[in-house]
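Everything below concerns the one structure shown next.
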Ligand code: PGA
């Protein structure tokens, strides 16, 4: 049985003051260890939000990291630094980073390997654009993104990663994939992992759906056979996030 993961992605929202207030509100409302709850916050909010959630089941993650441990990379944050802060999860290769910050399949692979080296669970994002889906290329895109991201990982490494299927057309648009579409894509990804890494990796790897999930759609999506939870953007920075975590 795969334990579900509900990961919030705050993106570039909340000042440190607001972050602490909102985290406190979530702490009072979220009370479950039936799923793994992770909240991925801006770097400047990591420590204060970690403090708020201390002693609870809620984990605090980051939204990106560099693939080098240290060096002349002005403005970057490394996996070594995050590991030292006790950050257990990091989002890798979000489509906003692929599109706007030059993230490539190669950097995503390097970051994935580095996160694992530091004992941090990478939440690797993959997903097709509207144009790619309309022209029937969804599976090709996913095949390629998964193949690159997991290059040089062992089957046992793969059991430690989380994959988020996030169709770009559904992110922040209010246009959520149907549970059938989302499940099909997650099952396809699991099939790719099965082919390359075998039964146990495919059975263990957790594959999330992300893209306009709300407390109203969470339950149906997360009940599907191959969807092991969600990566939640807009609905993670509002009080009703608590309902997403408890599946509506
Ligand atoms: P959304 O974002 O839930 O606002 O669509 C999801 C994400 O970008 O991870």
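The values are calculated or read from the model by the stated rules, or taken from the named source; none is laboratory data. What you see is a predicted model; the values in this text were computed from it and never measured. Backbone-built Cβ (ideal geometry, glycine too); neighbour counts: all protein chains shown.
Considering only residues that are more than 15 Å from the chain's Cα centre (by Cα) and at positive phi, which ones fall in segment 113-129?
Of segment 113-129, the ones more than 15 Å from the chain's Cα centre (by Cα) are 113-114, 117-119, 128-129.
Within segment 113-129, just 119 meets the criteria.
Just checking: which of the helices (runs of 4 or more DSSP H) contained wholly in segment 46-129 hold 2 or more residues that are touching a strand residue (DSSP E or B) at 6+ places or on another chain (Cβ under 8 Å) and under 19 Å from residue 205 (Cβ atoms)? Working first, answer last.
Details: elements: 46-53, 79-84, 95-100, 105-117.
Per the criteria, 105-117.
Just to be sure, is residue 126 closer than 18 Å to residue 65 by Cβ, crowded, with 23+ Cβ neighbours inside 10 Å, within 13 Å of the ligand (Cβ to nearest atom) and at pLDDT 95 or above?
On the way: closer than 18 Å to residue 65 by Cβ: yes; crowded, with 23+ Cβ neighbours inside 10 Å: yes; within 13 Å of the ligand (Cβ to nearest atom): yes; at pLDDT 95 or above: yes.
Yes.
Within segment 5-20, how many residues turn out to be more than 16 Å from the ligand (Cβ to nearest atom) and surrounded by 13 or more Cβ atoms within 10 Å (Cβ to Cβ)?
So in segment 5-20, the residues more than 16 Å from the ligand (Cβ to nearest atom) come out as 15-20.
Among the residues that remain, those that are also surrounded by 13 or more Cβ atoms within 10 Å (Cβ to Cβ) are: 16, 19-20.
Going through segment 5-20 one residue at a time, the tally reaches 3.
Can you pull out every residue in segment 90-112 that is within 13 Å of the ligand (Cβ to nearest atom) and under 17 Å from the mean Cα position of the chain (by Cα)? Break it down stepwise before answering.
Residues of segment 90-112 within 13 Å of the ligand (Cβ to nearest atom): 91-100.
Across segment 90-112, the qualifying residues are 91, 92, 93, 94, 95, 96, 97, 98, 99.
Mind listing whichever residues of segment 75-91 are touching a residue at least 40 places away in the same chain (Cβ under 8 Å) and either surrounded by fewer than 13 Cβ atoms within 10 Å (Cβ to Cβ) or in contact with a helix residue (DSSP H, G or I) (Cβ under 7 Å, 6 or more places away or on another chain) (or both)?
Once the filter is applied, which keeps residues that are touching a residue at least 40 places away in the same chain (Cβ under 8 Å) and either surrounded by fewer than 13 Cβ atoms within 10 Å (Cβ to Cβ) or in contact with a helix residue (DSSP H, G or I) (Cβ under 7 Å, 6 or more places away or on another chain) (or both), segment 75-91 yields 79, 87, 90.
Of the residues that sit in segment 26-45 and are outside any loop (DSSP other than H, G, I, E, B) and out of contact with any helix residue (DSSP H, G or I) (no Cβ under 8 Å at 6 or more places or on another chain), which one is farthest from residue 82 (Cα to Cα)?
28
Considering 72, 23, 115, which residue is out of contact with any helix residue (DSSP H, G or I) (no Cβ under 8 Å at 6 or more places or on another chain) and free of Cβ contacts under 8 Å to residues at least 60 places away in the same chain? Can you show your working first?
Working: 23 fails: out of contact with any helix residue (DSSP H, G or I) (no Cβ under 8 Å at 6 or more places or on another chain); 115 fails: out of contact with any helix residue (DSSP H, G or I) (no Cβ under 8 Å at 6 or more places or on another chain).
72 is the lone residue from the list that is out of contact with any helix residue (DSSP H, G or I) (no Cβ under 8 Å at 6 or more places or on another chain) and free of Cβ contacts under 8 Å to residues at least 60 places away in the same chain.
Tell me yes or no: at least one residue of segment 37-52 is modelled with pLDDT under 95 and more than 14 Å from the chain's Cα centre (by Cα). Break it down into steps so the answer makes sense when it comes.
Step one: of segment 37-52, the residues modelled with pLDDT under 95 are none.
Scanning segment 37-52 turns up no residue that is modelled with pLDDT under 95 and more than 14 Å from the chain's Cα centre (by Cα).
Taking residue 147 as the residue in question, decide whether it is on the phi < 0 side of the Ramachandran plot, surrounded by fewer than 18 Cβ atoms within 10 Å (Cβ to Cβ) and in contact with a helix residue (DSSP H, G or I) (Cβ under 8 Å, 6 or more places away or on another chain). Give the derivation first.
Values: on the phi < 0 side of the Ramachandran plot: yes; surrounded by fewer than 18 Cβ atoms within 10 Å (Cβ to Cβ): yes; in contact with a helix residue (DSSP H, G or I) (Cβ under 8 Å, 6 or more places away or on another chain): yes.
In short, yes.
Select from segment 160-179 the residues that are under 21 Å from residue 205 (Cβ atoms) and more than 15 Å from the chain's Cα centre (by Cα) and list them in ascending order. Show your work before the answer.
Of the residues in segment 160-179, the ones under 21 Å from residue 205 (Cβ atoms) are 160-167, 177, 179.
Within segment 160-179, 177, 179 qualify.
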